[in-house]
Amino acid sequence: MSAVSPAAIRAVERSSLPWLIIVAGSLIAMLTFGPRSAMGFFQLPMLAEKGWDRTTFGLAMALQNLCWGLGQPFFGAIADKFGTWRVLALSGVVYASGLFMMAFADAPIWLHVGGGVLVGLGVASGSFGIVLSAFARNVAPEQRSLAFGIGTAAGSAGMFLFAPLSQGLISAYGWSDSLVYLGLLMLLVPLVAVPLRGNAASGRQSEALYKQTIGEALKEAFGHRSYLLLVSGFFVCGYQVAFITAHFPAYIGDIGIDARYAVIALALIGFFNIIGSLSAGFIGQRYSKPYFLALIYIARSVAVTAFLLLPQSPTSVIVFAIVMGLLWLSTVPPTNALVAIMFGTRHLGLLGGIVFLSHQIGSFLGVWMGGYLYDQFGSYDPVWWVGVALGLFAAIVHWPIEERGVARPAMA
């Protein structure tokens, strides 16, 4: 009987996904993405009780998105070097602390620190960038897009589940106690994250790592035209989705539609986001990722334009939610896969985190401008139309991105 060759063994290993790691990471993505995607439901009851204006709440959510973005490269670099589980354990504790502080905030400063800074840092240390980097290290390159799609779909499932859960908790227990219950759920994160032990040097792809310092990796990335285009385009994704997440429930009320349709809409976005994310994972494995991203941004601009110009009704809200759900996080798998293709996985947490920082700067502006411009003009329409224009800009900058690795000196 002939012995099985090492090459054959490696081929079998590459053909199978590490399901324990993927399931654990997907649960983390679901838990960490869920509460922050339901923040819009807390706006009106909190403001009604506290007497604050929408700019106050909008600034807290804007800070949350900004801290998420600023923290992501640092937590990604820490996970690359010291291990994913340590960063995820910290995420659960910081996230829970932020929700607890938000629940008992008796002045805007505590809303900004708790719901803004701490929740933002909690999401930064436990969100897609951290989880998908762990996936990338443990799957074959040709499987990354699919694995990223699964992880992103899990985050979408969190949005789908936590929208009705949060609204139900608020109806039954009030907004403050509901935040406490969500905070307790976040304390499960360190336990669920145990299978994601290890750092950049411990996954399946560790033998193929290109040895670089952080400084060398940053210099290489910021000198790479396609990476810079990817960074600038992902800014738009953040602007669009964060504005809708934070302000859509209030917008639904402003146009005279029953509040329950806001719950239905965000749940539908979450559900169809699952389909969109999984589909993006499959499509990204087979077709051009830059072209696919450009088409997603064009489709978003068309969807928003149609929603604003056509008669608005419960039916149009539902249709809009379904379309936006399909397009919501479908940008994440191809974007992260492009970073891995360009630079490999050694500093993927850091470099993917920088791309995501751009996303969160866009999120900060989308959320803050939503509250500020509403208070100035009594309407969200200016923010919607800025998003339409930015969607077209994103399509333009993604089109010339090259889907190939950066040129490097041959390794000895």
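Structure summary
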{"item": "Where Gly256 falls short, out of the listed (1) part of a helix (DSSP H, G or I); (2) more than 30 Å from Glu216 (Cα to Cα); (3) open to solvent by 40 Å² or more (accessible area, probe 1.4 Å)", "result": "(1)"}
{"item": "Subset of segment 41-55 (residues that are open to solvent by less than 40 Å² (accessible area, probe 1.4 Å) and without any contact (Cβ under 8 Å) to a residue 24 or more places away in the chain)", "result": "Leu47"}
{"item": "All positions within segment 29-40 that are open to solvent by less than 10 Å² (accessible area, probe 1.4 Å) and within 14 Å of the chain's Cα centre (by Cα)", "result": "Ala29, Thr32, Gly34, Pro35, Ser37, Ala38"}
{"item": "Lone qualifier among Leu278, Leu329, Leu338, Leu268 - being in contact with a helix residue (DSSP H, G or I) (Cβ under 6 Å, 6 or more places away or on another chain) and either of a type in the set (Lys, Arg) or in a loop (DSSP other than H, G, I, E, B) (or both)", "result": "Leu329"}
{"item": "Segment 140-166, subset of a type in the set (A, V, I, L, M, F, W, C) and under 14 Å from Ser279 (Cβ atoms), residue modelled with the highest pLDDT", "result": "Ile150"}
{"item": "Test: residue in segment 330-345 that is among the polar types (S, T, N, Q) and over 26 Å from Asp80 (Cα atoms)", "result": "no"}
{"item": "Residue tally, condition closer than 15 Å to Met61 by Cβ, hydrophobic (A, V, I, L, M, F, W, C) and in a helix (DSSP H, G or I), over segment 79-108", "result": "3"}
{"item": "Within segment 133-153, tally of residues that are within 18 Å of Arg404 (Cα to Cα), polar (S, T, N, Q) and either surrounded by 24 or more Cβ atoms within 10 Å (Cβ to Cβ) or touching a Cys at 6+ places or on another chain (Cβ under 6 Å) (or both)", "result": "1"}
{"item": "Subset of segment 356-401 [touching a helix residue (DSSP H, G or I) at 6+ places or on another chain (Cβ under 7 Å) and over 21 Å from Met61 (Cα atoms)]", "result": "Val388, Gly391, Leu392, Phe393, Ala394, Ala395, Val397, His398, Trp399, Pro400, Ile401"}
{"item": "Residue within segment 261-276 that is surrounded by 21 or more Cβ atoms within 10 Å (Cβ to Cβ), of a type in the set (Val, Ile, Thr) and under 19 Å from the mean Cα position of the chain (by Cα) present", "result": "yes"}
{"item": "Evaluation of Ser379 against (1) farther than 21 Å from Ile78 by Cα; (2) at pLDDT below 90; (3) open to solvent by less than 20 Å² (accessible area, probe 1.4 Å) (one fails), failing number", "result": "(3)"}
{"item": "Residue match in segment 118-125 (condition: crowded, with 24+ Cβ neighbours inside 10 Å, modelled with pLDDT of 90 or more and not in a helix (DSSP H, G or I))", "result": "yes"}
{"item": "Near pairs, Cβ below 7 angstrom, 6+ apart or cross-chain, from segment 12-23 (over 21 Å from Leu88 (Cα atoms) and at pLDDT 75 or above) to any residue that is open to solvent by 90 Å² or more (accessible area, probe 1.4 Å) and acidic (Asp, Glu)", "result": "none"}
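Here is a yes/no grid of residues against (1) assigned to a helix (DSSP H, G or I); (2) over 20 Å from the mean Cα position of the chain (by Cα); (3) of a type outside the set (A, V, I, L, M, F, W, C):
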site	(1), (2), (3)
His359	yes, no, yes
Gly366	yes, no, yes
Gly370	yes, no, yes
Ala389	yes, yes, no
Ala395	yes, no, no
Pro400	no, yes, yes
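The values are calculated or read from the model by the stated rules, or taken from the named source; none is laboratory data. What you see is a predicted model, and the numbers here were worked out from it, not measured in a lab. Using ideal geometry, Cβ is built from the backbone for each residue, glycine included, and neighbour counts are taken over all protein chains shown. Side chains included, ligands, DNA and RNA excluded: accessible areas come from the protein's heavy atoms. Shrake-Rupley method; radii C 1.70, N 1.55, O 1.52, S 1.80 Å.
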